[in-house]
Amino acid sequence: MSDATTQQEKFPFGIASVSIGEIERRVPPGEAPPLPPNNRLAFIGKSVPRFDARAKVTGASRFTVDVKLPGMLHGRLLRSPHPNARIVSIDTSAAERHPGVRAVHVVTDIVGRAVEQVPETDPPQPNGVRLPRALYAGAPIAAVAAVTPDAAAAALALIKVEYEVLPFVVDLEEARDPNAPVVFRSAVAGSGFAGGVAAGAEVAQQGNVRGPSRIGTRGDVTKGFAEAEVTVEGEYRTQVQTHCCMETHAAVADWHADGLTVYLSTQFTAGVRNELAAAFGLPRNRVRVLVDAMGGGFGSKSGAGTYVRAAIALSRAAGAPVRVVHDRHEEQVDSGNRPATFQRLKIGAHRDGRLSAISLYTYGTAGTATGAGVGNFAQATYECSNFDSEQYDVFINAGPACAMRGPGNTPGAFALEQAVDELAEKLNLDPLALRDRIDASPVRREERRIGAERIGWSRRHTPGADTGTIRRGIGVAQSLWGANVQTNASCEVRLMRDGSVELRSSVQDIGTGIRTVLAQVVAEELGLTPQAITLRIGDTDFPAGPPSYGSRTTASITPPARNAAYKIKQKLLEVAAPKLGVAAGALDLRDGRVFVRAEPARGLSFREAAALLRTDAISAFASRSDDYGGFRRAMGDAALAQNDLGGVQFAQVAVDTETGIIRVERVVAVQDCGRPINPEQIESQVQGGVLMGLSYALYEDRILDRPTGHVLNADLEHYKIAGPRETPEIDVVVLENYQGESATDAYGIAEPANIATAPAIANAVYNAIGVRLRQLPMTPAAVLAALGRAPYGG
Amino acid sequence: MRPFEWIEAASSAEVTAAGATTVADAMVMTNGHRKVSDPTVVKAGGIDLLDLMKEELLQPRRIVNLRGIAGLDKIAGQEGGRLRLGALATVAQLAVDPLVRPYAALADAARNAASPQIRNVATLGGNLLQRPRCWYFRSVHHHCVRKGGETCFAFGGENQYHAIFDHRGCAIVHPSTLATALVAFDARIELTDAAEAKRETALEEFFVLPTRDPHRENDLRAGEIVSAVLLPKLAAGARSAHLKQAEKESFDWPIADVAVVLEADAQGLCRRASVVLGAAAPVPHRARSAGGGAARQAAQ
């Protein structure tokens, strides 16, 4: 970007706790001027209380599950009782006649599972329709809309389905056997639904095993291992984790004369709008998707799943709005999950710690989806010129996985960060000292320094040195995540003649507080308070905003918000200039006033200036520009920024060697996200990431019954999640890391905050008891087995 | 959940008049036939009942609410030093009642059960009569032996939370941690029938092993309600404790729980030890050799 239209600007650069310098960037026209560091700003960088805090705690927030429309019907899905079955026939006539029933829909398209390249060849139904096989217990078969939920449930029982029950496999190891029942009869097209590794359609498939993907392979690992003076090798297993959104998947579909309106608990209103327009043959301007408050998504609410399409089909058939809300069983079985993985990881190093080779072999299962790989963590976290990976998907008869907070990298970090810990011990190096040698990132280095100080790393004993029944230990692990940006992200800022200001975008608040963040950004630019800004978001009638996945909301939408506000500011100053008898360039905005910069006492109130507008309102639109230093990679609507995001987490644990119970006493999480806009909200996300990681490390595990193929713990009773008494003290530090890359220089936090927790705990457990646990979750039984104290007197 | 009729009972006679059956009987289906059609069941706190109904494991035609029966929630000392715990006393009450406090194992068990919300609603009677948490029993897709089927799916299945003692025929563990403590105290249970006639039996004998009948966990009869639990007078110098070990502390079922009651003589020597294990067997499991051993050791 050095053409005549760009201009050279100086931006703050560096980590605030180290030193802030300057960097020159060429900036495209129309961008707001460089923003100084946070300590010189009024609202950006301040913990402005989140706007919806009171509504959330008082129950006033309106979630999708709260949406009630006049004449709304209640939809329920019929789900397969068999883990693998062909639908021979389906008779819905009795259900249709049931009192209160307004529509019955037979599911023909299943969203989210892998698609076979050769179309299914099962005989069609009498009406010519080919029904998909039910590939897992809980797969959707049909749906009913009725005037009450009970009538809908009763009608489901009246649908007669004749199943041809087929052999099935739900165990990852058994499914790899060439003689195992096959889930898909022909090769599937894969694009990495579960987000672990994206492998193209042409990848080989034998039986249930598809792959390998060789993502990241470079150099010569054979040579690298030959040069190695020290090697470590280990096998690691991670379990299936489910998203457990507090608000289950929920939709209210309203098919009407003008088109389609869908209230949806979704991470991406604009994307779902496009998806549904295509699926139902409507122009995009006749599909509207809305979400107000949202009870979590974590990757599972990115698209319009089968239940959404069923709700729409039922609404179209019934001529009334239809509400479909998953119950907790459905949520656990059929709304996505984090794939289970097996990883064999080998690292070779020189005596001084430099890595000479990394070899990674993995297989995992995303159920009936693809993408169970372990991301780019081993490939990208540390410097190593020889890297080899071989990653396979294994299909089983289970609900399709989908992206979940840090897909791929979360299980990937569990293996790599333990292997690096093991390597450090073999090299007789402190784990932090080894990382200082093999991690080129100055940001991670500073994070290690700060975290080590706060956890008291210097008092860490040698592994297994603690004695007694309760043994304590400290461990560390790193996180790495690409800084995603949605370039197809836009908003509008409006100023009314009475001085009121609003921002409009389809961007949704997944629960992290983007409304407050956007208000801070606009307020900073216009010299108003954040409370003075009205946020109108979560509605596709507004300019298309970014998705809230891949930790990209703030990075994508705050720069256009600031740029649009900046345009409004310029227009307002132009209107006020004649009144104040100076050029617009001599004016500025602050504290609700337009004033002459050289003579601050002279000016107008913001309202008085707005009253001078020629029209009732003015509006400015802005979309996400490229990062000023350019992207590392651009992919359609999205791009990857130059600098990765990450963090370093430290855990202190106490292990009871009699019961095998691990208690996490303290976690220090040092994270970076470019320029922090609302530290308290960021801290809150980091706490959430740590808790989710702790829960993954110690408790959560979806259990499939091998003999019957059913999920046995499809509830929040036997699917165990950390609760209040499992919550450790969480000490969060967020760096201010200025890069001069955009109008706000802000990036994401959600996923990087989750990735390092489980391996930090695992390394702490090793430090406590001197035995390494390489399998998740680290249950009491696993701890006792590792200590050679089998639970049953063995 | 299916629609049902609601009856407010003011006395136990009304319960029987309503033709109430036990929840256990209401859930048995053999060869496609329900043991009881259109059942009427009673409800105390309703915690377990609601769970079973939401899962459509239990579809009662009528529900008789016992909460209106006066005096059934009273905790009071009796002549002879026995303590009478009304069946409608809540778990939260048991945790804090001063009369219960000397029975420390029981207060401990009550304090560590479930979650605060549940403890505030769940009753003593309901807690003792709740159905097992076995995930096969709780699954509509598994017609297990306890529901009248042929199979105990825990054998050859996922049985990490199942019984390690006395699991012939069915491997559930008894879900009540209050029962673990109460059996350790040699508590007795009082049952009231239609004619307001009361029968009393040792709680330990009230529970039923699967070898005797796999369809029920206790000896409650149709038309009967649990009206009270009676704790014997504590021996002078008796001490007790209950420990619950779960995988996590917040809202989890035990993987093991144990109640120990020790009785000492005037010299402070242990004369009698009662050790009962929970989450180990289909009924609270008395660890006889451990109890005997503890008493012997102390006596030496």
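Since every read-out is calculated from the coordinates, none of them should be taken as a lab result. What you are looking at is a predicted structure, and each value in this text was computed from that prediction instead of being measured. Quick reminder, even Gly has a Cβ in these numbers, built from the backbone with ideal geometry, and neighbours come from all protein chains shown.
How far apart, in nanometres, would the label points at B:ARG199 and A:HIS461 be if each is projected 7 angstrom from Cα along the Cα-to-Cβ direction?
Here the modelled spin labels are 6.0 nm apart.
Only Cα pairs within less than 10 Å get springs; with that Gaussian network setup on chain B, which residue of B:GLU263, B:GLU247, B:GLU14 has the largest fluctuation?
Among B:GLU263, B:GLU247, B:GLU14, the largest GNM mean-square fluctuation belongs to B:GLU247.
Excluding residues on the same chain fewer than 8 positions from A:LYS346, give the aspartates and glutamates whose Cα lies under 16 Å from its Cα.
Partners found: A:ASP220, A:GLU227, A:GLU229, A:GLU233, A:GLU235, A:GLU383, A:ASP388, A:GLU390, A:GLU417, A:ASP421, A:GLU422, A:GLU425.
Taking the Cα centre of the range A:485-638 as origin and charging only Cβ (+1 Lys, Arg; -1 Asp, Glu), how large is the dipole, in debye to the nearest 20?
Working: 20 positive and 17 negative charges, 47 e Å.
It works out to roughly 220 debye.
Cα to Cα, under 18 Å, and not fewer than 8 places away if on the same chain: which lysines meet these conditions relative to B:LYS233?
Those lysines meeting the cut-off are B:LYS74.
Which of A:GLU227, A:GLU741, A:GLU235, B:GLU190 has the fewest other C-beta atoms within 10 Å, and how do the rest follow up to the most? Can you show the working numbers first?
Working: A:GLU227 15, A:GLU741 28, A:GLU235 12, B:GLU190 18.
In order of increasing Cβ crowding within 10 Å: A:GLU235, A:GLU227, B:GLU190, A:GLU741.
Counting helices only, and only those DSSP H runs with n ≥ 4, report the 222 nm mean residue ellipticity of chain A as the sum of -39,500 (n - 2.57) divided by its residues, in deg cm²/dmol to the nearest 500.
Working: 19 runs with 196 residues, N = 794.
Estimated from H runs of four or more residues: -7500 deg cm²/dmol.
With the cut-off at 30 Å, tell me which of the pairs A:LYS46/A:LYS720; B:LYS43/B:LYS147; A:LYS160/B:LYS147; A:LYS56/A:LYS569; A:LYS426/B:LYS248; A:LYS10/A:LYS569 have Cα atoms farther apart than that.
Working: A:LYS46/A:LYS720 36 Å; B:LYS43/B:LYS147 20 Å; A:LYS160/B:LYS147 24 Å; A:LYS56/A:LYS569 33 Å; A:LYS426/B:LYS248 34 Å; A:LYS10/A:LYS569 21 Å.
Listed pairs above 30 Å: A:LYS46/A:LYS720; A:LYS56/A:LYS569; A:LYS426/B:LYS248.
Along the positive direction of the dipole of the protein assembly as shown (beta-carbon charges: Lys, Arg +1; Asp, Glu -1; about the Cα centre), which of B:GLN59, B:PHE137, A:VAL161 reaches farthest?
B:GLN59
Could you tally the net charge around B:GLU158, taking each other residue with its Cβ under 11 Å from the Cβ of B:GLU158, Lys/Arg +1 and Asp/Glu -1?
Details: positive: A:ARG706; negative: A:ASP701, A:ASP705.
Combined, the nearby Lys, Arg, Asp and Glu give -1.
Considering the alpha-carbon set of the range A:485-638 alone, what are its Rg and its Dmax in angstrom?
Final numbers for Rg and Dmax: 16.3, 50 Å.
Pick out which of B:LEU72, B:LEU209, B:LEU88 has the largest mean-square fluctuation in a Gaussian network model of chain B, springs linking Cα atoms closer than 10 Å.
Ranking B:LEU72, B:LEU209, B:LEU88 by mean-square fluctuation puts B:LEU72 first.
Summarise the partner chain shielding of B:127-139 as one whole number: the mean count of Cβ atoms from other chains within 10 Å of each residue's Cβ. Can you show the working numbers first?
Numbers: counts 0, 0, 0, 0, 0, 0, 2, 2, 10, 4, 0, 5, 8.
Rounded to a whole number, the mean comes out at 2.
Positive end of the dipole of the range A:485-638, charges at C-beta (+1 Lys, Arg; -1 Asp, Glu), about the Cα centre: which of A:GLY581, A:PRO559, A:VAL493 has its Cα farthest in that direction?
Checked the options; the winner is A:GLY581.
Give me a comma-separated list of calculated 3J(HN,Hα) values for the range A:497-508, in order, Karplus coefficients 6.51, -1.76, 1.60 applied at θ = phi - 60°, integers in Hz, x for any Gly or Pro.
5, 8, x, 6, 10, 9, 10, 10, 6, 7, 3, 10
Report the label-to-label distance for A:SER500 and B:TRP6 in nanometres (one decimal), using points 7 Å from each Cα along the Cα→Cβ vector.
Label at A:SER500, label at B:TRP6, 4.3 nm between them.
Tell me the label-point distance for the pair A:ARG614, A:ALA53, using the 7 Å Cα-to-Cβ offset, in nm and rounded to one decimal.
Taking the two extended label points, one gets 4.3 nm.
Find how much the distance from A:ALA601 to A:LEU282 grows on full extension, using 0.36 nm per residue of separation minus their present alpha carbon separation; answer in nm with one decimal. The partial results should precede the final answer.
Details: separation 319, 0.36 × 319 = 114.84 nm, distance 5.63 nm.
Stretched out fully, the A:ALA601 to A:LEU282 stretch lengthens by 109.2 nm.
Starting from the exponent 0.38 and prefactor 2.2 Å, build the expected Rg for the range A:471-519 from its residue count and divide its actual Cα Rg by it. The partial results should precede the final answer.
Details: Rg = 19.2 Å, N = 49, 2.2 N^0.38 = 9.7 Å.
That ratio works out to 1.99.
Quote the FRET efficiency, to the nearest 0.05, computed for B:MET29 versus B:ASP265 with a Förster distance R0 of 56 Å and r equal to the Cβ-Cβ distance.
Working: r = 54 Å, r/R0 = 0.96.
So the FRET efficiency works out to roughly 0.55.
What relative contact order, as a whole-number percentage, does chain B give when Cα pairs under 8 Å and 6 or more residues apart are counted? Provide the component values of the computation, followed by the final result.
Values: 698 pairs, mean separation 55.5, N = 300.
Relative contact order, chain B: 18 percent.
Taking Cα centroids, how far is the range A:99-171 from the range A:1-73 in Å?
A separation of 45 Å, based on Cα centres.
List the extent of the Cα atoms of the protein assembly as shown along each of their three principal axes, largest first, rounded to whole Å.
99, 73, 68
Please find the FRET efficiency linking A:THR222 to A:ASN39, where r is the Cβ-Cβ separation and R0 is fixed at 51 Å, and quote it to the nearest 0.05.
Details: r = 52 Å, r/R0 = 1.02.
After rounding, the FRET efficiency stands at 0.45.
Calculate, for A:ALA634 and B:VAL96, the FRET efficiency according to 1/(1 + (r/R0)^6) with r their C-beta to C-beta distance and R0 51 Å; round to the nearest 0.05.
Working: r = 64 Å, r/R0 = 1.25.
After rounding, the FRET efficiency stands at 0.20.
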